[in-house]
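**Q** Before I ask anything, here is the structure I am working with.
The values are calculated or read from the model by the stated rules, or taken from the named source; none is laboratory data. Please read all numbers here as calculations on a predicted model, not as lab measurements. With ideal geometry, Cβ positions are generated from the backbone for all residues, glycine too; neighbour counts draw on all protein chains shown.
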Amino acid sequence: MSRLKFTLEKTASGSRARAATFRTLHNEVQTPLFMPVGTQATVKAQTFESLLESGSQILLANTYHLLLRPGPEVFRRLGGIHKFTGWEKSFLTDSGGFQIFSLPHARSMKEEGAEFRSYVDGKIHLLSPETSIGTQVAIGSDIMMVLDQCIPSTADRTTAKAALDITHRWAVRSLKARGDSPQAMFAIVQGALYPDLRRESAEGLTQLPFDGFAIGGLAVGEGKSEREDTCEAAAAMLPADRPRYLMGVGTPLDLLEAVHRGVDMFDCIIPNKVAQFGTAYTSRGILQLRRSAYKFSEEKLDPACGCPVCARHSRGYLHHLTKTQEPLGWTLIGRHNIWFYHQLMREIRQSVLEDRFLPLYHEKRAFLQEEDVDNPSVPPKVGKERRPRKLGDYEVHLADEGFASIRQVSSGEIMHSHTPPMVEARALYVDQSGLAGRLALPPGRGPADVDPLVVWDVGLGAAANAMAAIECYEAEAAKGPVRRMRVISFENDLDSLRLALTHKNRFEYLRHSGPDAILARHAWQSRQFEGLSWELHVGDFWQTVGGSSSAPDLIFFDFFSHKTDTACWTPGQFRRLFSLCDPRRPAELFTYSASTAVRVALLDAGFHVAIGTGTGVKKETIVALTPGYVRPCRYALLGREWLDKWRRSSARFPEGLGDAERAELEARIEGHPQFAQG
C-alpha cells in the first residue's frame, strides 16, 4: 500500500501525459509538478512566501549537504525541516548520490557505501543507504530517495550494469532502513542509455513496495534525443499507479517533452540559476535581460504572466539590476522563472483534464525554445552585411539535435560534434577530473595556505573546456572558501573563439565576462572570486608553453585529431609534455582520443595510461598520469589484457618508425612500470 494515496485522474488522448493527485504528510499534490531546488533547505535568493505564492507544492533539499551542515542532530532537536525552516508544504530529499558522483576525486565507492571527505571540516564520512535514510528520517522530509550510484549516461555497458546492480542492492537496504517511518520513499531506475538494462532495473525495483519511482542517470552527458528516448522507454516500464519522477531535468521545453512521455514530477536548478545572469523564460520566448535592447524598455517582463514581478517591474529595471549584478535582480527574475515553470505545469494539467493536451503541446513547443520574439537578437553587422556564420577557417555548425559547435572548414573537423560543447566539456574534463573535489581546502587551511590548482587548457578553441572549469569553480566558491585556480589556455588561431562570441545566442556559456576579456587582453581575473584567474598564450603550443611559469595539475589536451594536427600527437611531443610536469606534484592529462597510437605515445613518454569516460560515439577516452599519482588509482589503468591485444595489433607503432626504432619502442612499452605492477 502506497503511503501517498496516489490517484490517476486522466491520461491525455494520443499522449502519455497524465494528471494525478497524491497526498504527502503535509499537503495534497497535483501533477504534473515542478519542484524548486532548495539544496541547503533554501531556494537561493528566494523566500518561502514567494515560493508559496508562485504555487510551489514540494521543495527539494539535499541529504549530502544537510548531513554535513547543519547535521542530522540539529533536525532531531529542532523538530525536523518543516519546523526548522517554517515551510508549510512538502519537502523531497535527494539521497546525496548525485553529489557523490560529482566528486570523484574526493570519494571512494564500495559495497558498504561512498566514503568521502567533507568540504566543511575535512572529516571522512561514509554515506551508506543506512546513513542516507537515517539522515532523511531525521530531516523529516515527506518523500525520501534511496541512495543510488549515479554514473554518466554515456558509460560503457559493464559500468552501467555494475551501477544498476549496486543501486538495486542499496534500494533494498534503504527500504529496510526506513522501518516504520510514515515518510514516502522513491526508488531510482538506472541503466544509462541501454534499454534492456533500464528494463532490468525497473522490473527489479517495481517488485518492491516503493511509493514512487524516479528515472535517474539522465542529463549527465547524453544528447537531447537520447534523453527523450530513454525517458519515454523508462516511464513506460513503471507502474501507472505510482508517481514518476525525472531527476534533474530541465528547461521548460524539457519538462513539456517529458510530460508528453508520461512523467509526473521534475526538479532542476535551471529557472533560478539562469536568473542570476539575467535570463528569463516568458510567453514571448527566452529573454536575455543583459542585452542593451531592454535598457529603455517600460514593458512588463511577460505580458501574459500574472506574477508580482511582471505586475510591478519593467524590463528596463531588470536590465539595470542584471548589468549592475545587484542580488535583487536574481531574486526578481528567479521569482518570475519559478512562477513560469509552475504556471506551465498548471496549464498542462488543465489541458490533460480537458483532453486537449496535444494542441497545447504543439503550441508551447513552438516558442519555449525561441529567443525573444519581440526583440530578436541580431548579430553585429560588418558594414552593410550581418556578421557571417564563417570567419577565417571556421564556421558555425548546427547539429541535428539542435546544438551549435564550431567546424574547421579546411579539415572538416567539428569541435564537440556529437554532444553539446559544455555537456562534453563537463563530462570529459571537469567531472572526470574531479575538479570540484580538488578545489576543497584541507582542514584548518585557507586559500592562501595552499598552492593554486593549475589547469592547462591545451587547445582553447571556442573556450568550452575553460568555461566548464570556470563555472565549476564559481559554483564551488559560492558555497564557501576554496583553493585558488589558474586556468592557462593555449591557442594558435583565435578565429574560432571570435566567431563563437558573435553567436552567443547559440553558445550561451560565453555569456560571461571571461571570454570577452581573454580575447581582448589575454588575461582575466574574476572580480567576484579573487582566487580565480584565466590567462591565454597565443601561438604554437610547443613554442609558447615555455612562457607559463607554473607546471600543471590538470591538462585538458584538446587539439584537433591526429589526422589534422599530426605534429601534436607524436611520441616526441608527449615526451616533451611529460618533461614540463613537475615530478614533485602529480599531474593528470585528459583527452577525447581513444587511439592506440596515442596510448602508446603517452606510455613511451613516461605517463601511466588509464581508460577515460566515453563521450559522443566513443565508448572510452584516455586519461594519462605522471608516476606520482595517488594510489590506489581511481582510474582503470591499462593492464596485461590491453598489452596482449597491443602485441597482436597490426597498427601498434606510430607511423614513420624504422625497424630498430620499433624494436626499441616495443621494449620500452613491454618494460613500462605500469605493466610490471600487475
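**Q** For the range 419-430, check the following and say yes or no: at least one residue is farther than 16 Å from Val487 by Cα, of a type outside the set (Gly, Ala, Ser) and over 15 Å from the mean Cα position of the chain (by Cα).
**A** No - not one qualifying residue is present in the range 419-430.
**Q** So which of Ser90, Ser13 is in the same structural domain as Val259 (by TED's automatic domain parsing) and under 18 Å from Ala138 (Cβ atoms)?
**A** One residue alone meets the criteria, Ser90.
**Q** Evaluate the range 443-459: report whether one residue or more is of a type in the set (Lys, Arg) and not assigned by TED's automatic domain parsing to the domain that holds Thr566.
**A** No.
**Q** Next question, about the same structure. Which pairs do you get when a residue that is free of Cβ contacts under 8 Å to residues at least 40 places away in the same chain and within 17 Å of Gln408 (Cβ to Cβ), found in the range 492-510, comes within reach of a residue that is of a type in the set (A, V, I, L, M) and in a loop (DSSP other than H, G, I, E, B), reach meaning Cβ atoms under 6 angstrom, with the pair 6+ apart or on two chains?
**A** Taking only residues 6 or more apart or on different chains, the pairs are Leu497/Ala462; Leu497/Ala463.
**Q** Separate question: Among the residues of the range 386-397, which ones are at pLDDT 90 or above and out of contact with any Asp or Glu (no Cβ under 9 Å at 6 or more places or on another chain)?
**A** Selection gives Lys390, Glu395, Val396, His397.
**Q** Which residues, counting only those in the range 301-345, are of a type in the set (Lys, Arg) and in contact with a strand residue (DSSP E or B) (Cβ under 8 Å, 6 or more places away or on another chain)?
**A** Once the filter is applied, which keeps residues that are of a type in the set (Lys, Arg) and in contact with a strand residue (DSSP E or B) (Cβ under 8 Å, 6 or more places away or on another chain), the range 301-345 yields only Arg315.
**Q** What are the residues in the range 525-545 that are part of a loop (DSSP other than H, G, I, E, B) and of a type in the set (Gly, Ala, Ser), if any?
**A** Ser526, Gly531, Gly539, listed by residue number.
**Q** Here is a further query. Looking only at the range 126-141, count how many residues are of a type in the set (Ser, Thr, Tyr), part of a helix (DSSP H, G or I) and closer than 15 Å to Trp170 by Cα.
**A** Total satisfying the criteria: 2.
**Q** Which members of the range 431-461 meet the condition of being more than 19 Å from the chain's Cα centre (by Cα), crowded, with 17+ Cβ neighbours inside 10 Å and of a type in the set (Gly, Ala, Ser)?
**A** Passing the criteria: Gly459, Gly461.
**Q** Going by the structure shown, is Val189 of a type in the set (Val, Ile, Thr), farther than 30 Å from Arg76 by Cα, touching a strand residue (DSSP E or B) at 6+ places or on another chain (Cβ under 7 Å) and surrounded by fewer than 22 Cβ atoms within 10 Å (Cβ to Cβ)?
**A** In short, no.
**Q** Does Thr206 count as touching a Pro at 6+ places or on another chain (Cβ under 8 Å), at pLDDT 95 or above and in the same structural domain as Arg173 (by TED's automatic domain parsing)?
**A** The answer is yes for Thr206.
**Q** Out of the residues in the range 17-43 that are assigned to a loop (DSSP other than H, G, I, E, B) and farther than 20 Å from Gln343 by Cα, state the one that is nearest to the chain's Cα centre (by Cα).
**A** Checking each candidate, the answer is Thr39.
**Q** Next question, about the same structure. Criterion first (part of a loop (DSSP other than H, G, I, E, B), closer than 27 Å to Arg335 by Cα and either in contact with a helix residue (DSSP H, G or I) (Cβ under 8 Å, 6 or more places away or on another chain) or charged (D, E, K, R) (or both)) does Ala61 satisfy it?
**A** Answer is no for this residue.
**Q** How many of the residues in the range 406-458 are part of a loop (DSSP other than H, G, I, E, B) and within 27 Å of Lys123 (Cα to Cα)?
**A** Residues meeting the conditions: 12.
**Q** Take the residues in the range 560-600 that are small (Gly, Ala, Ser) and closer than 26 Å to Ala155 by Cβ; name whichever of them is surrounded by the most Cβ atoms within 10 Å (Cβ to Cβ).
**A** Checked the range 560-600; the qualifying residue surrounded by the most Cβ atoms within 10 Å (Cβ to Cβ) is Ala587.
**Q** Go through the range 243-271 and give me each residue that's surrounded by fewer than 23 Cβ atoms within 10 Å (Cβ to Cβ), more than 13 Å from Gly216 (Cα to Cα) and among the β-branched types (Val, Ile, Thr).
**A** Across the range 243-271, the qualifying residues are Thr251, Ile269, Ile270.
**Q** Please enumerate the residues belonging to the range 630-667 that are within 30 Å of Gly434 (Cβ to Cβ) and in a helix (DSSP H, G or I).
**A** Hits for the range 630-667 are Arg640, Glu641, Trp642, Leu643, Lys645, Trp646.
**Q** Output the number of residues of the range 294-329 satisfying the condition of being surrounded by fewer than 22 Cβ atoms within 10 Å (Cβ to Cβ) and aromatic (Phe, Trp, Tyr).
**A** Matching residues across the range 294-329 total 2.
**Q** Would you check if Glu395 is assigned to a strand (DSSP E or B), farther than 24 Å from Ala155 by Cα and not aliphatic (A, V, I, L, M)?
**A** Yes.
**Q** Checking the condition at pLDDT 90 or above and of a type in the set (A, V, I, L, M), which residue from Ala597, Ala587, Ala567 passes?
**A** Ala587 is the lone residue from the list that is at pLDDT 90 or above and of a type in the set (A, V, I, L, M).
**Q** Still on this structure, please answer the following. Specify which of the listed residues (Gly79, Gly86, Gly71) is over 26 Å from Lys176 (Cβ atoms), at pLDDT 80 or above and out of contact with any Pro (no Cβ under 9 Å at 6 or more places or on another chain).
**A** Going through Gly79, Gly86, Gly71 in turn, the sole match is Gly86.
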